[in-house]
Amino acid sequence: QFQSKDDFINEVGKMEAKPKYFETMEAANLNPASAKNAPFIPALSPKEFEKEMKKEDTVVIDIRSDSDYAASHIPDSVFLWEDILSGFVGWFLENNKRILLVNNGDYPEKAVSYLFRMGFENLVGYLARGMLSWHMAAKSTESTAIINVAQLCNLLDTRAEAEYLLLDIRKEEEKEEEGYIDGALEIPLTVLQANLVKYAEEIDRGGEIYIFCGSGMRSMTAASLLENKVENKVKVVLGGLNAWSSTSCPIKIEE
């Protein structure tokens, strides 16, 4: 809650960039008459889903839990748990992308509503019966490795710095409040994709990449963006700074 108009302007002014969908939404908000109801999207068989995946400008969004995604997911899919979908999808996708959804098989009404309201109108369909049908059809899958904070801290203290990259994707205000991780490469999740070229040398320098966000949820999204763009092994860090005990990469609190 902002106490004044000036407080609001100052806070908004801290945003270094706007999500990709902002311009589309600004135009839509100026023309309420253009508002439409969210469409009904079809359930697609694995064969139909795979055919649609291969078409140009198509993105597969997996809205299941992070643990389900880590265990098994469709290659090249982007992880955006349904409850964080509306807050992050606009940072990664253009509005003209063809979107396919993966969930546990029920009709993804909430996700369709979120996406449509944000200007993503090219919603192609969702995978019928979820990953169960994909596995039964013997389609290709991938998994994402995870590591908890205690395991990571032990690893950091026993391995050479050149053997790993610690990627911190928290927002600046989170780091100011909770502390900075010494030695980590800091790229907020919302601008990670846009900065892959800028930080290519650091990201591709070799060794495993450990992604930290304070819980693991956003790190899973980051992993889904990186896994098929880098050769290095990507691992998601589960847990927050309360369990952090690394001496080689200590937490620093700015005063």
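The values are calculated or read from the model by the stated rules, or taken from the named source; none is laboratory data. Since the model is a prediction, treat every value here as computed from it, not as a measurement. All Cβ positions, even for glycine, are placed from backbone atoms using ideal geometry, and neighbour counts span all protein chains on display.
Residues checked against (1) touching a residue at least 60 places away in the same chain (Cβ under 8 Å); (2) surrounded by 20 or more Cβ atoms within 10 Å (Cβ to Cβ); (3) in the same structural domain as Leu189 (by TED's automatic domain parsing); (4) under 12 Å from the mean Cα position of the chain (by Cα):
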residue	(1), (2), (3), (4)
Ile61	no, yes, no, yes
Asp68	yes, no, no, no
Val78	yes, yes, no, yes
Leu93	yes, yes, no, yes
Asn96	no, no, no, no
Val102	no, yes, no, no
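Cβ-Cβ distances below 9 Å connect the following pairs, each with a first residue in the range 28-46 that is over 20 Å from His73 (Cβ atoms) and at pLDDT below 55, a second residue that is in a loop (DSSP other than H, G, I, E, B) and aliphatic (A, V, I, L, M), and a separation of six or more residues or different chains: Ala28/Ala35.
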